[in-house]
Amino acid sequence: MKLERGIGMFDYSQKVMEHFANPRNVGEIKNPDGVGTVGNPVCGDVMSFYIKVDNGRLSDVKFKTFGCGAAIAVSSIVSEMAKGKTLQEAMTITNKMVAAELGGLPPNKLHCSNLGADALHKAIEDYQQKSAECHCPYCDGRISDEAPFCQACGKDLVDRGS
């Protein structure tokens, strides 16, 4: 944890302190469906969110955060707010919603709430981008739309479906 000048632990709500002391959903998902990383050069906080998607819903959300206590609390609450939501619902999570859910943040720590929502949104966008790619029906390797064969497994793709 970084030392924070001018901010005492009494400037934080009980909920911020609880999520900082006992963060939920910390870690990395093996083979995530989407990853989003953001950083703020002003304060040096860096957050990475990892998501798993099942039937259009976030079935798992984890994070790794290097930063201040507020950044860790924000990451924890964003992961809880997003889990179980549809992708569309999760994309509507805003920095104001995050700060409100935590019972407020000191004014000079509000930028942390932006990072949490931004990292989550980037992970969802990463998933959506990956989902739009074509994959080989035989080995699931990535292929271009016009490739006559899969470069990963060599199977002929021209006769697909016949």
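Here, each number is a calculation from the coordinates, and none is a lab measurement. Bear in mind the structure is a predicted one, so any value in this text is a computation, not a measurement. FYI the Cβ positions are ideal-geometry reconstructions off the backbone, even for glycines, and counts take in every protein chain you see.
The figures follow:
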quantity: Packing-based ranking, highest mean first, of 66-77, 145-156, 98-109 given that Cβ atoms within 10 Å are counted; calculated: 66-77, 98-109, 145-156
quantity: Fully extended contour minus Cα-Cα distance, from Met17 to Ser59, at 0.36 nm per residue; calculated: 12.5 nm
quantity: Part-to-part distance (alpha-carbon centres) for the range 111-151 and the range 56-90, which is given in Å; calculated: 19 Å
quantity: Alpha carbon Rg of the range 78-137, scaled by the compact-globule rule 2.2 N^0.38 Å; calculated: 1.35
quantity: Reachable aspartates and glutamates, given that their alpha-carbon falls under 16 Å from the alpha-carbon of Lys96 and they are not under 8 places away in the same chain; calculated: Glu80, Asp118
